[in-house]
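Below is one structure; the comments refer to it alone.
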Amino acid sequence: MPSNQDAPLKTYLDHLARGELAYQFSPQAGRAVFYPRMLCPFTGSDRLEWRISKGLGTVYATTVVHPTEGKPFNVALIDCDEGFRMMSRVEDIAPEQVRIGQRVRFRVHQPGGEEPPQPVFVLVEGT
Amino acid sequence: MDALKRGSAAIVGVAESDLGQVAEGMSVFDLMAQGAKRALDDCGLSLKDVDGLFSATTQSRLSVLGLAEYLGINPAFLGSTIVGGSSFEYHVAHAMGAVALGLCNVALIAYGSTQRSVGRKQASMREVNPYETPFKPFMPSSAYALAASRHMHEFGTTREQLAAVAVAAREWALLNPAAWEKKPLTLEGVLSSRMVSYPFTVRDCCLVTDGGGAIVVTSAEHARSLRKPPAYVLGCGQSVTHANISSMPDLTVTGALAAGKAAYAMAKLGSTEVDVVELYDAFTINTILFLEDLGFCKKGEGGAFVSGGRIGPNGSLPVNTNGGGLSYCHPGMYGLFILIEAVRQLRGEGGARQVKNCEVALAHGNGGVLSSQATVILGTQATL
């Protein structure tokens with residue numbers, strides 16, 4: 001009996017636990033694929049290679065969520081330099097200071113408990 | 001794809017169920033049944049005529065089965081496509097196809113929600129997306145807020161322009177006795193309200209109400225023998241660009257562009273021939289995006305377009321004449337209500353909010369987080 005494949009999410013989270021932001025690359029499409037999956041959404045091919053992002057990106061869109069309880073916080077879409085987009089947040093600055101076009105760098109946030117690590121971003125210094 | 005024939009089917013009966021805050025203990029099927037009876041009465045048909053049944057709701061997994069059981073009918077054709085608020089625009093296209101193929105003759109499309117009564121969390125299943133949920137976006141508001149942030153960045157759209165959409169909706173709502181909101185709203189009132197997800201205050205966001213309704217679709221031939229003037233289906237178009245906001249290709253361009261293009265092509269007309277526009281305004285940015293993508297103004301100019309009362313009761317383009325999801329009602333999936341209002345406008349049943357010389361109506365549904373877009377263009381006998 002052939003062994004079953006790992007879930008794309010598991011591979012992604014395993015990388016994240018090692019401090020790496022992993023994404024997939026579709027050789028046929030010649031472009032990045034995110035979120036990780038079994039088939040390339042551009043070609044339908046199941047040939048997808050795992051790659052590690054350099055962790056640099058640009059804020060594509062941003063909002064400040066105002067919860068009914070607790071402090072406002074940032075939610076952003078980040079365009080990573082390798083050509084994929086992901087939801088995340090920009091940390092270490094006030095949420096309303098996050099601007100579209102800002103250059104950001106990936107880091108891992110450990111929420112603790114049973115929760116998996118999260119990819120978050122901080123401003124690239126000097127930009 | 002040109003399988004559907006312009007004007008071959010019509011919406012002949014429309015009705016809302018109770019709206020707003022419904023009586024304690026009401027179920028989604030109670031509301032669907034109430035809407036069904038009223039919509040069938042509207043066109044002079046009865047349940048025994050119904051051989052096609054469509055429904056969608058977040059509060060029942062197998063809603064069309066529950067509805068068939070409740071109504072005591074065994075329809076030959078069932079449809080339960082669920083693509084969020086745009087489901088009912090899909091149902092119209094599917095009903096039209098089923099009628100053309102002879103799979104059914106009279107299709108009833110029903111909706112019900114008790115989300116205000118039971119709470120939004122009870123009304124829809126919580127879904128976890130491991131790539132979005134950890135960041136705690138307040139969904140769906142934050143997804144639309146992200147789209148608004150991008151529109152503001154690229155085109156200089158302002159919060160005041162977004163607020164103008166809410167003000168216009170409120171002005172229309174004040175002319176609609178069925179509307180939830182009864183008090184005037186100003187730009188300042190929108191801007192100074194409680195912030196939800198920047199740039200949206202609670203007044204940039206749709207209402208959370210109960211409600212339901214039904215519409216009846218049949219062949220054009222059958223339609224002509226019924227009680228009310230038919231609203232002929234001239235064009236339909238659908239487009240899906242994504243499901244989750246982080247996968248939307250361009251946050252400033254929606255699938256309404258493709259959906260509208262298909263609907264206009266089928267209807268053999270363009271945006272300048274549309275007399276009344278009913279858009280799915282879950283958030284103020286929606287109206288701006290859809291006016292652009294459906295060709296009522298150029299991309300990026302939507303903010304300026306909606307300003308100065310242009311889309312309000314005294315403006316040059318009547319948009320969301322019932323008061324919209326922002327001020328009339330928004331029971332979870334609002335798409336059925338824009339069809340109801342479009343038909344009423346074509347019939348001249350709009351009362352104080354009636355648009356003059358209304359021959360062509362465009363109804364545009366939105367589902368998910370700008371994910372699914374579906375356009376239905378309706379016309380009077382004169383447009384055939």
Please identify, among A:Ala32, A:Ala76, A:Ala61, the residue showing maximal mean-square fluctuation in a Gaussian network model of chain A using a 10 angstrom Cα cutoff. A:Ala61
Cut-off 10 angstrom, C-alpha nodes, Gaussian network model of chain B. Which of B:Glu278, B:Glu188, B:Glu89 fluctuates the most? B:Glu188
Over chain B, the sum of -39500 (n - 2.57) across DSSP H runs of at least four, divided by residue number and rounded to 500 deg cm²/dmol, gives at 222 nm -9500 deg cm²/dmol
To the nearest 20 debye, what is the magnitude of the charge dipole of segment A:1-117 about its Cα centre, counting +1 on the Cβ of each Lys and Arg and -1 on the Cβ of each Asp and Glu? 320
Quick one: which residues, 5+ away or cross-chain, put their amide H under 5 Å from the amide H of A:Arg107? H built at 1.01 Å from N. A:Val120, A:Phe121, A:Val122
Between segment B:1-28 and segment B:312-381, what's the alpha-carbon centroid distance in Å? 12
Taking θ as phi - 60°, what are the ³J(HN,Hα) couplings along segment B:218-234 by the Karplus curve (6.51, -1.76, 1.60), each to the nearest whole Hz, with x for Gly and Pro? 8, 5, 4, 4, 5, 4, 5, 8, 9, 5, 10, x, x, 9, 6, 7, 8
Helix-derived mean residue ellipticity, 222 nm - over chain A, DSSP H n ≥ 4, -39500 (n - 2.57), to 500: -2500 deg cm²/dmol
Length gained when the stretch B:Ala243-B:Ser117 is fully extended (0.36 nm per residue, less Cα-Cα span): 42.6 nm
Hand me the trypsin sites (Lys or Arg not before Pro) from segment B:183-239 located in a DSSP loop with no more than 16 other Cβ atoms within 10 Å, in residue order please. B:Arg194, B:Arg224, B:Arg227
Does a label point 7 Å from the Cα of A:Arg31, set along Cα-to-beta-carbon, have any residues of segment A:46-82 with amide nitrogen under 11 Å, and which are they? none
Calc'd 3J(HN,Hα), segment B:359-365, phi into Karplus 6.51 cos²θ - 1.76 cosθ + 1.60 (θ = phi - 60°), Hz, glycine/Pro = x, comes to 10, 10, 10, 10, 10, 10, x
What FRET efficiency do you get for A:Glu115 and A:Ala7 if R0 is 22 Å and r is their Cβ-Cβ distance, rounded to the nearest 0.05? 0.80
Put in order of increasing Cβ neighbours within 10 Å, starting from the fewest, B:Ser247, B:Ser141 give B:Ser247, B:Ser141
How much FRET efficiency would the formula 1/(1 + (r/R0)^6) give for B:Glu127 and B:Gln21, where r is the Cβ-Cβ distance and R0 is 22 Å, rounded to 0.05? 0.25
Measure nothing but the geometry: give the 0 to 90° angle between the long axis through the Cα atoms of A:8-17 and the longest principal axis through the Cα atoms of chain A, rounded to 10°. 50
Check: the protein assembly as shown dipole with +1 on Lys, Arg Cβ and -1 on Asp, Glu Cβ, in debye: 280
Once B:Ala265 and B:Leu175 are pulled to full extension, the length gained, defined as 0.36 nm per residue separation minus their Cα-Cα distance, is 29.1 nm
Taking only Cα atoms and a 10 Å spring cutoff, compute GNM fluctuations for chain B and point out the largest among B:Leu65, B:Leu362, B:Leu162. B:Leu65
Evaluate the charge dipole of chain B about its Cα centre and quote only its size in Debye, nearest 20, assuming +1 on the Cβ of each Lys and Arg and -1 on the Cβ of each Asp and Glu. 200
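The numbers here are math on the coordinates, done by the rules we state, and not lab data. Source: prediction; values computed, not measured. Neighbour counts are summed over all protein chains in view; Cβ atoms, including those assigned to glycine, are modelled from backbone coordinates with ideal geometry.
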